[in-house]
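The values are calculated or read from the model by the stated rules, or taken from the named source; none is laboratory data. Since the model is a prediction, treat every value here as computed from it, not as a measurement. Cβ placement follows ideal geometry from the backbone for every residue including glycine, while neighbour counts extend to all protein chains displayed.
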Amino acid sequence: MKRFSEPLHRCPSTLITTSIAPAPHLARTSTAGHKTTKPKPATTPPAAKGTSAWPADRNGWTIVLFSYPKTTGTEAAQATAARAAHAGLPEVGVIDSGGFSSLHPGYYVVFSGVYSTSSEADAALRTVHASGFSSAYTRQISR
């Protein structure tokens with residue numbers, strides 16, 4: 001009987017050996033004396049879907065990714081919001097500019113982030129630009 005440490009073939013000029021790769025680490029499947037918990041399914045927060053709403057009782061600053069005339073409908077705005085959320089931008093949503101005194105009415109505004117100061121929004125703008133939204137800018141939002 002051959003032992004595992006012996007070569008498989010012996011040739012005058014070549015020595016071929018085999019090695020066994022370590023087994024991948026597997027999760028314990030035994031339940032004897034142990035409680036097992038199933039991993040929680042990944043959940044997608046609303047921001048990741050591009051559906052964040054501007055807080056009803058808050059004024060602040062945001063990053064405007066793009067504005068669409070209301071006459072074109074919401075489809076393009078929602079698609080941009082979804083793309084921004086997919087890019088990992090925080091608190092992405094679409095607001096109707098007519099509901100905010102600081103915005104010109106008649107537009108659907110795609111935004112990212114709710115910030116207390118212009119400095120916070122300006123700091124986040126670099127990440128937004130690096131994510132492919134090069135025309136984005138900061139804007140104060142007030143009701």
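Worth a mention:
- Qualifying residues in region 53-77 (those that are in contact with a Gly (Cβ under 7 Å, 6 or more places away or on another chain) and without any contact (Cβ under 8 Å) to a residue 60 or more places away in the chain) - the one farthest from Leu125 (Cα to Cα): Lys70
- Count of residues meeting criterion [assigned to a loop (DSSP other than H, G, I, E, B) and either at pLDDT 50 or above or on the phi > 0 side of the Ramachandran plot (or both)] in region 36-71: 10
- Enumeration of residues in region 100-143 that are loosely packed, with under 13 Cβ neighbours inside 10 Å, in a helix (DSSP H, G or I) and not hydrophobic (A, V, I, L, M, F, W, C): Ser119, Arg126
- Any hit, region 79-88, residues being among the hydrophobic types (A, V, I, L, M, F, W, C) and not in a helix (DSSP H, G or I): yes
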